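Note sheet for the following structure.
What follows draws every value from the coordinates through simple rules; no lab data is involved. Everything quoted here is computed from the prediction, not taken from an experiment. Counting neighbours? That spans all protein chains shown, and the Cβs are built from the backbone with ideal geometry, glycine included.
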């Protein structure tokens, strides 16, 4: 039977057909960690591969297993199949080593290091300065094509092999901007390209058909100074059209929370803006279709059939879940799953799993299962540490695409109750003064938007209005000096007097600067009495009236000097 997985290693992956499972666990409690392949039906162990394994995954068709192992100094790494490289390709059925590659600059966001097309006809990997293309089953042979790209950081292969596209990202360096390029493997020059400065990382999102690409750009710094976490942008492109990548203009300012394609690749959703974030549905041509309104959400999860949608708020958000019927454009229900760290839909699109796992959270580990309309089926706390949990993969086409039941549509299509609704007020007995009963609050923390259909004309108008809004530049403030915000609180006469005083001070400084520039040249032309007057010390407190008269004379001399210099 299948060997029990032992902590602390629990990384596992299932094949595309769900018939095989590969898991990582320690051998007899030692640090030597291997990958074990098991049959999901019988639970029997098929093979055991690797050593010091940290991550493992299947190829799209389940023919190969890819593992990443920690580098061992005593082992020399080469690109030969027999070399114990960091990245190793194994055959699933017999555990034979196919190829090994070096990956010292491994990053989890670039995993898997070797990417296949969906039919495994081509396999692609990268080095810091080039993209290497292999035959899908010939990774131990020389690459069939090389694309030179200096300082390459990450890449993504389109799912379809005919034609096959490769998207690459080069980060900025010195005065050189960042660059995104999309290559067609049958051509030497890129079909899409875009250069930009505010780009430190990029995530590529291909649709299922490989006809459209989303580039999620993030920057470590925010040019507007509104966020400590940088800023983000979205670029959209169609490789077949061969046009330039265009930025997706959004009507709400703020970070990009999440982007996700539907399973059929015909639609995608963007969650964007500061909380409460806004979510919008687009078709694959980047044309808006429907707006889900605003809410505390930062995660998108499509059901395998693409009919149902879950919008969740995880991480630093309270864990609110919204379940939607995308085809009917209707809200089915709401639920709550606080402290969720992993989630997924069941293969039949009827259940949603939300789990709290280790080591993201070391307490309250467990999982919950909800129906597609948000009804809680069960909550299962785990006393020990829960490392990973998933539904066993099955082909979604083997299950019927069932719509939501009519009772669910009518029961949960009503607006959600808030603290201002009458039902909650009557239940919680919240006191309100008689003058405020039955009225909406005059002050709100944020603007809430209701769900509504969208068209291109409305979208362009809202986007233009958002871009036309003036954003005041950030100014440094000094303690003791009134800021612009303080000036707004003053009366009209006070502001007018303040402006006059500033203008007079500015004019006096200009006259003094001009007099200082030409004063040495004009000093000989001035009479002796004037020179003596200019050398006098400021008047003391005893003779105030005399001092004021002398100050007037000095001001007249300075003005006369400035006029002579200007002539």
Query - Length-normalised contact order of the range 298-365 in % [C-alpha pairs under 8 Å, at least 6 apart] - result: 24
Query raised in the report: In nanometres, what is the gap between the two model label sites at residue 496 and residue 145, each 7 Å from Cα along Cα-to-Cβ?
Result: 7.4
Query raised in the report: Tell me, what is the FRET efficiency for residue 285 and residue 42 to the nearest 0.05, using R0 = 35 angstrom and their Cβ-Cβ distance as r?
Result: 0.15
Report task. State the extension gain, in nm to one decimal, for the chain segment bounded by residue 360 and residue 195, taking 0.36 nm per residue of separation less the distance between their alpha-carbons. Result -> 55.8 nm
Query raised in the report: Let a ≥ b ≥ c be the square roots of the eigenvalues of the Cα gyration tensor of the range 153-279; is it rounded (a/c under 1.5), or, if not, prolate (a/b larger than b/c) or oblate?
Result: oblate
Report task. Compute the distance in nm between two label points, each set 7 Å from the Cα along the Cα-to-Cβ direction, one at residue 96 and one at residue 510. Result -> 8.8
Query raised in the report: residue 222 versus residue 452, label points 7 Å from Cα toward the beta carbon: distance in nm?
Result: 2.7
Report summary line: The alpha-carbon pair-distance distribution computed for the range 111-157, with 5 angstrom bins and whole-percent values, is 6, 23, 32, 24, 12, 2
Report summary line: Taking N as the residue count of the range 266-330, its alpha carbon Rg divided by 2.2 N^0.38 Å gives 1.06
